[in-house]
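A quick write-up on the structure given underneath.
Nothing in this text is a laboratory measurement; each read-out follows from the coordinates by a stated rule. Note that the structure is a prediction, hence the values are computed from the model and not measured. Every residue, glycine as well, gets a Cβ built from its backbone with ideal geometry; the counts of neighbours run over all protein chains shown.
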Amino acid sequence: MEASEQIKKWQEFLERFYQTQIFEASTKGKSSIQLDFSEVARFSPELAEDLLEQPEDAIKSCEIALSQFETIEKSKKLAIRFFNLPAAQLMLIRNIRSEHLGKFLKIEGVVRQKGDVRPQITSAKFECPSCGNIITVIQTGQVFREPTRCSCGRQGNFRLVSKELIDAQGLVLEEIPEQLEGGEQPKRMKVLLKDDLVSPITEKKTNPGSKIEILGWVKEIPRVLNSGKKSLDYDLVVDANNIFSKESSFYEMSITKEQENEIVNLSKDPKIYEKLIASVAPSIFGFEEIKEALLLQLCGGVQKVRKDGIISRGDIHVLLVGDPGSGKSQMLKRISIVAPRGRYISGKGVSGAGLTAAVVKDEFLGGYSLEAGALVLANKGICCTTGDACFITEDFRKMSFEELFKNKPDVVYPDFKVLGLDLKTNKIMPFHIKKGFRIKNDKKIYHIKTRTGREIKLTEDNQVLVSRKISNEWIEVKELINGDYIAVPKKYRYDKKDGLPSSFAYLCGFIATDGHVKLSRKNAQTSIYNCNTSLIDVAEKIFRELGIKFNKIKTNKGRKSIIRGKEVISKQDLYKIYNCEKAFARRVIEFGIPAGNKFIKNCLNSKILGYSDVVLSNFMRGIFDGDGNIRKNPYEITLTTGIKDNAILYQEILLRLGIISSIKKSTNSWHCNVRGANECKKFLNFVGSYHPEKKERLINIKIVEQKNRIDIIPNKSDLFKKITSEKYWKLGKGVYGYVWNYSKKGVCPSKNKIAQLNEHIQDEVLARLVEEDILWDRVESIKEVNEEYVYDFTMSGANNFIANDIIMHNCIDELDKMTNEDRSAMHEALEQQTVSISKANIQATLIAQTTVLAAANPKLGRFDLYETMLVKQIDLPPTLINRFDLIFPIKDIPDRKKDEKMAKHILGLHQNPNMMMEEIPTKLFRKYIAYVKQKFNPELTDSALDEIESYYVELRSTAITFEEAARTIPISPRQLEAIVRLAEASAKVRLSDKVTRKDARRAIELLNYSLGQIARDRETGKIDIDVISTGISSTERDKIIRVKEIVTLLETKFQSTGKNIPVEEIMAVAEEQGIRRPETEEIIQKLKRSGDLFEPRHGFIQKL
């Protein structure tokens, strides 16, 4: 359609349908009018098609037609905004292609980033210096345009007279999570807003975190290279025509008169509480108290602003700590669906910036802008190891982080699995990688070296698995000390058949140690040198079996050679076998043996690790026959190489075969050592030798006793004490002697011996410890180093992976595994409900009036039923825990009746997924909560105040009955405020303006239920809020004070020995004062970690 005809059509359309709206817009000072696309389509399908295909031109024609109306002032310009586009125009961000350029589209997404409002030129007027002619240039695109010539013939240097400006603002829109499938990453699109779309009224719709719908057309913007030239690639930008909010907060939800009547009638139901509670998470069986808490959390308390400026929050924060599979994540997900602006985030890679806000470069309109977090929406990672760290893929390829990230961006999405530890079975398994990260390091890095020669560099806040008294714990690297036992792999499993001849693998091992491969364009030579005639006979036999031609040369003894600068005369004849075929040389190199001179140190290819067990056994036999040695007293097999990486590869290959080894360095060589009769016997069975003397020594190894100084069970004296007390009758005199000895502190029995003893003991815990794929390797040294970049993975199904043959934690999956800095970012948001930013010349305080419902796993993955203190079960700081109003532990304990009901419930859901279980439909439930929050701000009645006050005072007064030093604080003012918020929420549920005594009792019962489970002192049986707020109960604090006093008293007694106090003496005195020995041990360890005490030598301590 021609432009003139199009303008005429638009004028006719506007006169027929929008005369009234145009008049109102003109008289009331509006800046735009809204046109219904469906009316355009009914009026003229051709006009509607032009609008969809060429929206920019069509809207300009419409604006020209609008400007011709007499009611509109000449100086005033009304923008045309369309709505009600057909559903076919809805396009996912990820599906936008070049064919969609310039088309009128509808796009949905979440505002991820928002820039400042800045002026943008739409039109500029220039004066010609020669003739005075005024030239108007319409400004489109991103580059300022000037006229090229005037009608008088002048070219260039025109004077700018005036320019028209409009407001503009850039957004970054991210795909809505509900639109994603599987592991898809949300795509982003830049959006440009102009004119009234950036007015204060519409700006609220586009705040970061808002879910919006954009109507507009896609434009391409050329990228400019550093050289100043245009790139072949283009950026895409949506030029927005209209914005619609896809969601609103409870306060913004619209409620009709009919809905209001339905809500009021529902509130009169005497069982309204029960019905609402049943609708909170109907698919989750049980947990009525938790569901009640979530209902009150949705309703919330009343925010109060005092005259002194102090604000008391009304939002209620709830923390769920539960065993895996207990349904806590499903409850979180359900609440995020019910709440209009609910954000479901998992602790994986959630950083302080991700939770709160970050300052990012605004590439759109220049400068910096704020990017919203989850508490104001986000997901960033925590990095923890260095680029030289190597991980092992599921097909046993070794790869370093530097190799993975070479010529790649800072975030990658690998499509392979890596080895990690399955914490349920303690077996090494492959796990999927979600993301890989590389960031600039700003933390301390520690280099850790273990007894078996393993080395790794980790950031101070990364964690390794450490053996502790009762169980194993993830400990931050900065808390590690020399002598700690950390988890490393004991065995790698890989079931593979590769078809390679085992004899060829032996030959390659022999060549790698006592030979070389040379390959050039003209020549090739693969050689073996050895003095042992038996080995030479074996090599000749293998060459013949493989059908490979060879030559043999003998050099008589007495030959002279220079070794390490000294002349050496040989005492034996030397034999050389060699082949000169290029095909064979290539075959050996392809196996993983590098080409080079025999006297040059060459690194073996790590691809060797991926061969089958049979091939690796024969390869290691060749290595042992070539450069191996065995000695007695103690038994030790040594594999020698000139390169550290080769020694590490030998160690990893032996792990494939289930053989434990360690790496040591001598003056000029590296050694992979297999120690102890048991491991040497394994070496005989899985590797063996063709060397007659070495084979005889291996066969003559005698296992006198099942001992192993490396494969041990450390720090489990308490476990053996328990076995001696509970199974004394079953042990027998001989076994009891061993077990009693192992119950002593510092005694670390070998797994081999425990496996032998457990045939009589029959203990499941011991059986698991013996069968696990973990070797407890002692830390030998820790030192601080510097690295520019650090790396990490986020994993699926695991919270760890293996790097440099050490089991290390990764970017985690739960709130309890966020870094200390990121947790501290939550403190302000939880209590003050603000987020403060001071970066890149942006000083801002963002409002974060949000309710937080968080979930975390216990520290060891599952609750320890013998440890009652919550703070010892979860790795969250007490200061953060204390900011939650209610905390609920969810324990998965077998109970036949409960399990039967739960099984019926779950199976019923699977049999009929669509069965209606909600007492109140979700849509009505949302409206009910919205109505409650919009209409009601209940006030406390005197009766409610009396009830809360008496509870608070009575509970606190119970503490006075205890000794002064161990006075228990049952409840603090923070819990008092929580009761008020819960009581107000209870009144809101009833649609009441008054908080009654009954509401106060409901709140008190809920808080009592929570405190009774997580703040009860295990010794006194009383509620002690210190358990939550500090992590130490009052009685425990008293014992620490008493032990410190004992140390001070004994210090004078042992002044003659340099104030070195025997630990046994402290324990004896503490025992007299009623402190048990295990408790004293634990207190001494705490004091050592806090720096109050140190251990100058084993068994003695001294005050600092």
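Determine the alpha carbon to alpha carbon distance for each of K751/K1086; K449/K496; K28/K106; K187/K219; K187/K230 and list only those over 22 Å.
Numbers: K751/K1086 29 Å; K449/K496 32 Å; K28/K106 29 Å; K187/K219 17 Å; K187/K230 24 Å.
With Cα atoms farther than 22 Å apart: K751/K1086; K449/K496; K28/K106; K187/K230.
Amide H to amide H, which residues 5 or more places from F82 or on other chains are under 5 Å from it, using H placed in the peptide plane?
L35
Report, largest value first, the span of the C-alpha coordinates of region 89-247 along each principal axis, in whole Å.
That works out to 65, 38, 29 Å along the principal axes.
Tell me which of A79, Q54, H100 sits at the most positive position along the dipole axis of region 1-102, charges placed on C-beta atoms (Lys, Arg +1; Asp, Glu -1).
Towards the positive end, the residue furthest out is A79.
Answer with one residue from Y650, V614, I589: the one whose Cα lies farthest towards the positive end of the charge dipole of region 502-699, charges on Cβ with Lys, Arg +1 and Asp, Glu -1.
Highest projection toward the positive end goes to I589.
In debye, nearest 20, what is the charge dipole magnitude of region 717-761 about its Cα centre with +1 on Lys and Arg Cβ and -1 on Asp and Glu Cβ, if you could check? Write down the numbers at each step before the final one.
On the way: 9 positive and 3 negative charges, 20 e Å.
In total the dipole reaches around 100 debye.
Classify region 1039-1103 as rounded, prolate or oblate from the Cα gyration tensor: take a ≥ b ≥ c as the square roots of its eigenvalues, call it rounded if a/c is under 1.5, otherwise prolate when a/b beats b/c and oblate if not. Don't skip to the answer; put the middle values down first.
Working: a/c = 1.64, a/b = 1.24, b/c = 1.32.
Here region 1039-1103 falls in the oblate category.
Compute log10 of I(q)/I(0) for region 717-761 with the Debye formula, placing one identical point scatterer on every Cα and leaving out solvent, at q = 0.13, 0.27, 0.30 Å⁻¹, to two decimals.
After summing over all Cα pairs, the log10 values are -0.23, -1.02, -1.23.
How big is the charge dipole of region 3-84 about its Cα centre, in debye rounded to the nearest 20, if each Lys and Arg gets +1 on its Cβ and each Asp and Glu gets -1 on its Cβ?
On the way: 11 positive and 15 negative charges, 94 e Å.
So the dipole magnitude of region 3-84 works out to roughly 460 debye.
Just going by the charge dipole of region 666-732, with Lys and Arg at +1 and Asp and Glu at -1 on Cβ, which of L731, C672, F686 is farthest out on the positive end?
L731
Which entries of K435/K891; K727/K897; K457/K478 have Cα-Cα distances beyond 22 Å here?
Values: K435/K891 31 Å; K727/K897 31 Å; K457/K478 12 Å.
Pairs exceeding 22 Å: K435/K891; K727/K897.
Beta carbons within 10 angstrom, averaged per residue: use that to sort the peptides 682-694, 95-107, 32-44, highest first. Don't jump to the answer; show the numbers that get you there.
Details: 682-694: 18.5, 95-107: 15.2, 32-44: 16.8.
My ranking of the peptides, most packed first, is 682-694, 32-44, 95-107.
Taking only the alpha-carbon positions of region 504-587 and ignoring solvent, what does the Debye formula give for the base-10 log of I(q)/I(0) at q = 0.20, 0.22 Å⁻¹?
The Debye formula, applied to the Cα set alone, gives -0.94, -1.07.
Principal axes first, then extents: for the Cα atoms of region 514-555, list largest minus smallest coordinate on each axis, whole Å, largest first.
For region 514-555, the Cα spread along each principal axis is 34, 24, 15 Å.
In 5 Å bins starting at 0, how do the alpha-carbon pair distances of region 462-527 split up by percent?
Answer for region 462-527: a P(r) of 3, 11, 13, 10, 9, 7, 6, 9, 14, 9, 5, 2, 1, 0 percent.
Could you give me D for region 660-765, from Stokes-Einstein at 10 °C and 1.306 mPa s, where the hydrodynamic radius is the Kirkwood radius over C-alpha pairs? Units µm² s⁻¹, please.
On the way: Rh = 16.0 Å.
My calculation gives 99 µm²/s for D.
Using a Förster distance of 60 angstrom, determine the FRET efficiency expected from the C-beta separation of D895 and Q572, and round it to 0.05.
Details: r = 76 Å, r/R0 = 1.26.
That gives a FRET efficiency of 0.20.
Given all pairs of different Cα atoms, what value in angstroms does the Kirkwood hydrodynamic radius of region 502-699 take? Mind showing how you got there, number by number?
Details: mean 1/r = 0.0579 Å⁻¹.
For region 502-699, inverting the mean 1/r across all distinct Cα pairs yields 17.3 Å.
Mind jotting down the distance between the C-alpha centroids of region 425-466 and region 249-308, whole Å?
46 Å
Could you state the number of Å between the C-alpha centres of region 153-175 and region 32-106?
Region 32-106 and region 153-175 have Cα centres separated by 22 Å.
Viscosity 1.567 mPa s, temperature 4 °C: what is the translational diffusion coefficient of region 3-84 from Stokes-Einstein with a Kirkwood Rh over Cα pairs, rounded to a whole number of µm²/s? Spell out each step's value before the answer.
Details: Rh = 12.7 Å.
Result for D is 102 µm²/s.
How many angstrom separate the Cα center of region 1051-1095 from the Cα center of region 510-578?
Each part's Cα centre sits 64 Å from the other's.
Tell me, what is the FRET efficiency for R1089 and N597 to the nearest 0.05, using R0 = 41 angstrom and their Cβ-Cβ distance as r?
Details: r = 53 Å, r/R0 = 1.30.
Calculated value: 0.15.
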